[in-house]
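Worksheet for the structure shown next.
Derivation of every value follows stated rules applied to the coordinates shown; laboratory data play no part. All figures in this text were calculated on a predicted structure; none of them were measured in a lab. So basically every Cβ, Gly included, is an ideal-geometry build from the backbone, and we count neighbours across all protein chains shown.
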Amino acid sequence: MDCDRECSCCHKTKMRPEAEVTGLINRLNRIEGQIRGIRGMVERSAYCPDILTQVAAANAALNGFTRELLASHIKTCVADDIRAGQDGVIDELVALLQKLMK
């Protein structure tokens, strides 16, 4: 099973391949840079539409990160749990999707 489940304080963990961790961290670093850039634009009193354009780009980057992480979760954790007969993971996935779609 690809997901390591530890129940200390009811938190689950997942061991990710190094390449996946590196890719996710690289995406987050770019997003962090975008956010710092937006802050700089506000500090420099940039024109509102220019700031909003950068906010939209940061939102798109976060959505891309979310899609990548969600796809990985479904392909590994969810699929492994279903194969193991743990159908409760389906309810967990539905609840997660409902949170993401608010």
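A few remarks follow.
- Theoretical FRET efficiency, 1/(1+(r/R0)^6), r = Cβ-Cβ of Leu28 and Glu92, R0 25 Å, to 0.05: 0.60
- Farthest positive-ward along the chain dipole, Cα basis, beta-carbon charges - from Thr13, Tyr47, Gln98: Tyr47
- Amide H contacts under 5 Å for Lys14, placed H, 5+ residues apart: Asp4
- Computed about its Cα centre, the charge dipole of the chain is approximately 400 debye, with only Lys, Arg, Asp and Glu carrying charge at their Cβ.
- Only Cα pairs under 8 Å and 6+ residues apart enter the sum, and on that basis the relative contact order of the stretch 8-100 stands at 22 percent.
- With θ taken as phi - 60° and the Karplus curve 6.51 cos²θ - 1.76 cosθ + 1.60 applied, the whole-hertz 3J(HN,Hα) list for the stretch 20-31 is 5, 4, 4, x, 5, 5, 4, 4, 5, 4, 5, 5 Hz, x standing for glycine and proline.
- Dipole of the chain [Lys/Arg +1, Asp/Glu -1 at C-beta], most positive-end residue of Cys77, Ile25, Ala56: Ala56
- Other residues whose C-beta falls under 12 angstrom from the C-beta of Glu68 contribute a net charge of +3, scoring Lys and Arg +1 and Asp and Glu -1.
- Across the stretch 69-84, rounded Karplus estimates of 3J(HN,Hα) from the backbone phi angles (6.51 cos²θ - 1.76 cosθ + 1.60, θ = phi - 60°) give 5, 5, 4, 4, 4, 5, 5, 10, 4, 5, 4, 4, 5, 5, 4, 7 Hz, Gly and Pro being marked x.
- Counting every other Cβ atom within 10 Å of each residue's Cβ, Ser72, Ser45 order from fewest to most as Ser45, Ser72.
- For Arg83 and Leu69, the difference between the fully extended length at 0.36 nm per residue and the C-alpha to C-alpha distance is 3.0 nm.
- Trypsin sites (Lys or Arg not before Pro) restricted to DSSP loop in the stretch 39-96 with at most 12 other C-beta within 10 Å: Arg44
- Scaling against 2.2 N^0.38 Å puts the C-alpha radius of gyration of the chain at 1.39.
- For the stretch 48-58, putting each phi into the Karplus relation 6.51 cos²θ - 1.76 cosθ + 1.60 with θ = phi - 60° gives couplings of 3, x, 5, 5, 4, 4, 5, 5, 4, 5, 5 Hz, in residue order, rounded to whole numbers and with x for Gly and Pro.
- Theoretical ellipticity at 222 nm over the chain - DSSP helices of four or more residues, -39500 (n - 2.57) apiece, nearest 500: -23000 deg cm²/dmol
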